[in-house]
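Okay, structure first, notes after.
A short reminder: the numbers here are calculations on the coordinates, not readings from a lab. Being a predicted model, the structure only gives us computed values, none of them experimental. Every residue, glycine among them, receives a Cβ derived from its backbone with ideal geometry; neighbour counts consider all protein chains shown.
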Ligand SMILES: *Cc1c(COP(=O)(O)O)cnc(C)c1O
């Protein structure tokens, strides 16, 4: 069965299809502006384009923005003129505090940390969001259109989205965060941005409630069309695409395409690790992809038992992974089901009606061919922060620590480099870090006065109608 078709060299632009099979196939720009497909599915390329070993080898030594252009070329496929794209990519990464954008740090003889937190809001989400905001602004301006961006956040997506879209004239941004369940640094990064196009909503509920409301608003087609809703959660294909680049970047630095590399990825919504899977489909030699979760471990349980079963969400010290419904998992499921949209629909129906679904054994075997999983509880996470500091002098954030502990537990193949994704800067989670190492990591200079900045947000009940009315009332359009 040829699950991975190579694209032909024909003139047609790459098309994106929905995992649920009934939304129209779209080009890159339309898939980006849509976010979620109209049938509730997620967009993926109609077939995975592949980079040759030679093309992958040529990435080595290039500057990060150049690597972005090379990796995304077959996915954007001429939909944006190359010069314009190059300029947006340069600008997107100019604001990163490290010249390498996503530096790779050696931790021991065979273990590496990929630091993805040098962007403006100190989490890996900046890597994609800084580019996405420019791509959306560019396309809307070209069309003379505007959009209302709505997103749910467990903390970091919202900060990254507000940081990237603040002040962009053609968009209004509404970000829902679960009231009292994001760290103070995360909240202040969102709420202290004083631009008229930024609207923060503290929802009296969990992250999953925020995400359900956002999904329901996208499902209300009249509202969606009238407000020109656009989504920037990790369901947005363009975000996944931007995240694929750092897998290539790290792997070529460690010897790809002539040597395979494994990645351990602190995971919540499955977006980041899906980008690693997508890089593998495009030809990057990735050995294992390890899902690292906190006690909200639906993904780890699913890989060990074959049963994807919802359970309550428990607040943890790694709040950006306090998620049960991992939206992007649907994308990998679509491939594992040999792109049978009816089969995806059936499982998603079970999920919404019965709170879970069982994977056919064949599908589970396919998933286990690519993915491993492990989890860390709260004490293990704190212990890992302390142990990493003692052993290496590095202070890591709780999400990264979950990844490092899972890397230790899994004992991936000797000889294959293991890269753990460092998804947030430790200063974003000062309380947990202090509990582990006895001191608070310092915020970088551009955020040093964060605690003195005034905040702006509205608290709303856990109700889709209340959120819809609020958006209608406060949109500038
Ligand atoms: C968002 C986030 C994650 C989880 O990423 P997903 O793409 O949702 O799996 C992990 N760590 C941090 C710090 C995050 O902000």
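Once label points are set 7 Å from the Cα along Cα→Cβ at both residue 53 and residue 390, what is their separation, rounded to one decimal in nm?
4.4
Between the stretch 185-264 and the stretch 270-306, how far is it from one alpha carbon centroid to the other, in angstrom?
About 17 Å separates the Cα centre of the stretch 185-264 from the one of the stretch 270-306.
Would you mind calculating the gained length between residue 459 and residue 166 on full extension (0.36 nm times residue separation, minus the Cα-Cα distance), in nm to one decimal?
Numbers: separation 293, 0.36 × 293 = 105.48 nm, distance 2.03 nm.
Fully extending the segment from residue 459 to residue 166 adds 103.5 nm.
Can you compute the helix-only [θ] at 222 nm over the chain? Use -39500 (n - 2.57) per DSSP H run of at least 4 residues, normalise by all residues, nearest 500 deg cm²/dmol.
After summing the helix terms and dividing by residue count, I get -13500 deg cm²/dmol.
Please compute the modelled spin-label separation between residue 25 and residue 450, points set 7 Å along Cα→Cβ, answer in nm with one decimal.
4.4
Using 0.36 nm per residue of separation minus the Cα-Cα distance, give me the extension gain between residue 204 and residue 143 in nm, one decimal.
Numbers: separation 61, 0.36 × 61 = 21.96 nm, distance 3.70 nm.
Value of the extension gain: 18.3 nm.
Please report 177, 199, 470, 221 as a ranked list, fewest other C-beta atoms within 10 angstrom at the top and most at the bottom. Walk me through the numbers before you get to the answer.
On the way: 177 26, 199 23, 470 17, 221 10.
In increasing order of surrounding Cβ atoms, one gets 221, 470, 199, 177.
Quick check on packing: order 321-333, 147-159, 294-306 by the mean number of other C-beta atoms within 10 Å, highest mean leading.
Values: 321-333: 22.8, 147-159: 26.9, 294-306: 20.3.
Peptide ranking by packing, descending: 147-159, 321-333, 294-306.
Between residue 301 and residue 439, what is the label-point separation in nm under the 7 Å Cα-to-beta-carbon projection?
Modelled inter-label distance: 4.0 nm.
What FRET efficiency comes out for residue 346 versus residue 99 if R0 is 51 angstrom and r is the Cβ-Cβ distance? Round to the nearest 0.05.
0.55
If the chain between residue 311 and residue 87 were fully stretched, how many nm would it gain, using 0.36 nm times the residue separation less the Cα-Cα distance?
The residue 311-residue 87 span can extend by a further 76.2 nm.
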